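The values are calculated or read from the model by the stated rules, or taken from the named source; none is laboratory data. Predicted model, so just to flag it, every value in this text is computed and none were measured. In this analysis, Cβ positions are derived from the backbone assuming ideal geometry, glycine residues included, and neighbour counts consider all displayed protein chains. The accessibility values were calculated without ligands, DNA or RNA, using every heavy atom of the protein model including side chains. Shrake-Rupley method; radii C 1.70, N 1.55, O 1.52, S 1.80 Å.
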Amino acid sequence: MDSDLSAQNREAHIHYIVAFIGGFLGIFPVVNAVHLLGSAQTSNLIDIVLASLRADWSSLSLHAFGAFLYVLAVFLVTFLPKHTRLNVKWLALLVDAACAFVMWRFPLERNLPLTMYLYPTFFAMAFQWCSFKGAYGFTSSTIFSTNNLRQFVSALTEVFCNGDRSFSLKAKFFGLTLLGFHLGVAASGILWHFFGNGGFLFALAPIFVAAVFLLRNPVIK
């Protein structure tokens, strides 16, 4: 029983670190003129519909390729564990590291179509999201905060207003996931201010930490 709880605790710790990485890399399109979160696909799908209505085929193709990247990442994480011996958690960290280098090489002059600045996070964050799904039996995203905030507030309400202490672990888990994500946003924002897109290379540090945690806990699939 204690060993099971210890394994769950280690899984949660990895989840918090990966949430930090999600926040760190997730702001790339926000600070690079797009001002949209590339970790979610909703806005991109809306743009596909609107571009279709306008018969704006150039915009449609750019947004459609972004949707393809997102779908491809989800497909790979779902397909590979069933047909190969690859560990998608390790792959997700490698994808995140590659994404940091791609972000570094994007031109600060913003001379590319703005939709293209969403591409790195479309693929990498979808891959990460599907690979690190939560801990303690809770499903939690490491790449955006909407549901995590809902779950956190709901759990706090249960504990402090409804008197149900059984929700304490849930409140702690979602609260720390939110904290990890937004600490990543803050760190990345500061580093981007000083180093431009080169600041995203600093994501290699938390990626390395997450890799060490995974290496020390090989039972976590």
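Overview of values
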| read-out | value |
| --- | --- |
| Top-ranked residue of segment 187-201 - restricted to ones that are out of contact with any Ser or Thr (no Cβ under 9 Å at 6 or more places or on another chain) and touching a residue at least 60 places away in the same chain (Cβ under 8 Å), ranked as most open to solvent (accessible area, probe 1.4 Å) | TRP192 |
| Odd one out for ARG165 among (1) among the basic types (Lys, Arg); (2) without any contact (Cβ under 8 Å) to a residue 12 or more places away in the chain; (3) within 24 Å of LEU69 (Cα to Cα) | (3) |
| Any pair with Cβ under 8 angstrom, 6 or more apart, that starts in segment 56-68 at a residue that is within 18 Å of GLY38 (Cβ to Cβ) and touching a residue at least 24 places away in the same chain (Cβ under 8 Å) and ends at one that is open to solvent by less than 70 Å² (accessible area, probe 1.4 Å) and among the charged types (D, E, K, R) | SER59/ASP47; HIS63/ASP47 |
| Residues of segment 53-72 satisfying the condition of being more than 21 Å from the chain's Cα centre (by Cα) and in a helix (DSSP H, G or I) | LEU53, ARG54, TRP57, SER58, SER59, LEU60, SER61, LEU62 |
| Top-ranked residue of segment 1-52 - restricted to ones that are in a helix (DSSP H, G or I) and hydroxyl-bearing (Ser, Thr, Tyr), ranked as modelled with the lowest pLDDT | SER3 |
| Residue list for segment 168-185, filter: free of Cβ contacts under 8 Å to residues at least 24 places away in the same chain and either loosely packed, with under 15 Cβ neighbours inside 10 Å or more than 15 Å from ILE143 (Cα to Cα) (or both) | SER168, ALA171, LYS172 |
| Leading residue by the ranking (farthest from LEU149 (Cα to Cα)) among those in segment 181-221 that are assigned to a helix (DSSP H, G or I) and β-branched (Val, Ile, Thr) | VAL212 |
